[in-house]
Amino acid sequence: MKTYLKDAIINRRTNYKLSPQSPISDDEIQEIIRFAVKHIPSAFNSQSTRIVLLLGEQHRKLWELTKSVLKGNKTDEQFASTKNKIDNAFASGYGTVLFYEDGQVIEALQEAFPTYKEKFPEWSHHTSAMHQFALWTILTDVGFGASLQHYNPLIDASVAQTWSIEPHWRLVAQMPFGLPTQHPGEKEFKPVDERIRVFK
Ligand SMILES: Cc1cc2nc3c(=O)[nH]c(=O)nc-3n(C[C@H](O)[C@H](O)[C@H](O)COP(=O)(O)O)c2cc1C
């Protein structure tokens, strides 16, 4: 493995300190998304991942919508803290990547390969996770900070309605990103050797 790839993996961190600027053009962001969607592997080469990229005003609309959904689900005190987090750590950024998986693709695989019927939803999540990790790393590599959020399923219906998302696309995760205003803090690591077994 070349050192620069390891560095990119180390540099990918959860960053909640974002400002609404971008180090690259919107076309370049879209090119990164196209690259990831094309090249990241998927179970059975299903290519089940779908992405919705929200930039600028559309990104802010997502987090306004998330707040209005959450307001109805939390006490006033809980909502105040959630609102603070959403405003300062997510909405404050430049864009959000929404990770979807196409349920029609998964169901077709379940019909085609009944032996693995139970496994396909799990593998679909693995496939999504590969896209999440790759995009998180690439976005960091070009100068963004990002985090990974899970306001699904609470926001699914409102998001689908707002952006006319196909009913068979299933929301898995949200990745707000923006220009970092601060480095993430130190991270604690469990002893790696306790987590690995080698036999040779
Ligand atoms: C599968 C997965 C789910 C996560 N879900 C959330 C989440 O819902 N909200 C959040 O703020 N961070 C979430 N994170 C971020 C983790 O808390 C974070 O990656 C971990 O603490 C390590 O920190 P680092 O990202 O800075 O290396 C998630 C990370 C992973 C890999």
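Here is a check on your reading of the model: is residue 123 within 16 Å of the ligand (Cβ to nearest atom), over 24 Å from residue 19 (Cα atoms), crowded, with 16+ Cβ neighbours inside 10 Å and aromatic (Phe, Trp, Tyr)? Full working, then the answer.
Values: within 16 Å of the ligand (Cβ to nearest atom): yes; over 24 Å from residue 19 (Cα atoms): yes; crowded, with 16+ Cβ neighbours inside 10 Å: yes; aromatic (Phe, Trp, Tyr): yes.
Answer is yes for this residue.
Residue-wise test of (1) closer than 25 Å to residue 23 by Cβ; (2) in contact (Cβ under 8 Å) with a residue 24 or more places away in the chain; (3) surrounded by 17 or more Cβ atoms within 10 Å (Cβ to Cβ); (4) in contact with a Cys (Cβ under 8 Å, 6 or more places away or on another chain).
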| position | (1), (2), (3), (4) |
| --- | --- |
| 76 | no, no, no, no |
| 91 | yes, yes, yes, no |
| 105 | no, yes, yes, no |
| 109 | no, yes, yes, no |
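If you take the residues of the stretch 112-132 that are assigned to a helix (DSSP H, G or I) and free of Cβ contacts under 8 Å to residues at least 40 places away in the same chain, which of them is farthest from residue 168 (Cα to Cα)? Result: 115. In the stretch 176-198, the residue that is modelled with the lowest pLDDT out of those that are within 10 Å of the ligand (Cβ to nearest atom) and surrounded by 14 or more Cβ atoms within 10 Å (Cβ to Cβ) is 184. Once the stretch 1-25 is narrowed to residues that are closer than 22 Å to residue 90 by Cβ and within 16 Å of the ligand (Cβ to nearest atom), the residue that is nearest to the chain's Cα centre (by Cα) is 14.
Based on this model, can you work out whether residue 35 counts as touching a helix residue (DSSP H, G or I) at 6+ places or on another chain (Cβ under 8 Å), at pLDDT 95 or above, within 14 Å of the ligand (Cβ to nearest atom) and under 20 Å from residue 173 (Cα atoms)? Give the derivation first.
Details: touching a helix residue (DSSP H, G or I) at 6+ places or on another chain (Cβ under 8 Å): yes; at pLDDT 95 or above: yes; within 14 Å of the ligand (Cβ to nearest atom): no; under 20 Å from residue 173 (Cα atoms): yes.
When the stated conditions are applied, residue 35 does not pass them.
Of the residues 11, 84, 15, the single one that is more than 17 Å from residue 132 (Cα to Cα) and of a type in the set (S, T, N, Q) is 84.
Looking only at residues in the stretch 152-175 that are hydrophobic (A, V, I, L, M, F, W, C), within 16 Å of the ligand (Cβ to nearest atom) and assigned to a loop (DSSP other than H, G, I, E, B), which one is nearest to residue 53 (Cα to Cα)? For the stretch 152-175, the residue satisfying everything is 155.
Look through 109, 62 and report the one residue that is out of contact with any His (no Cβ under 6 Å at 6 or more places or on another chain), within 16 Å of the ligand (Cβ to nearest atom) and assigned to a helix (DSSP H, G or I).
Working: 109 fails: within 16 Å of the ligand (Cβ to nearest atom).
Result of the check over 109, 62: 62.
The values are calculated or read from the model by the stated rules, or taken from the named source; none is laboratory data. In this text, all values refer to a predicted model and were calculated from it rather than measured experimentally. Cβ: placed from backbone, ideal geometry, glycine included. Neighbour counts: every protein chain shown.
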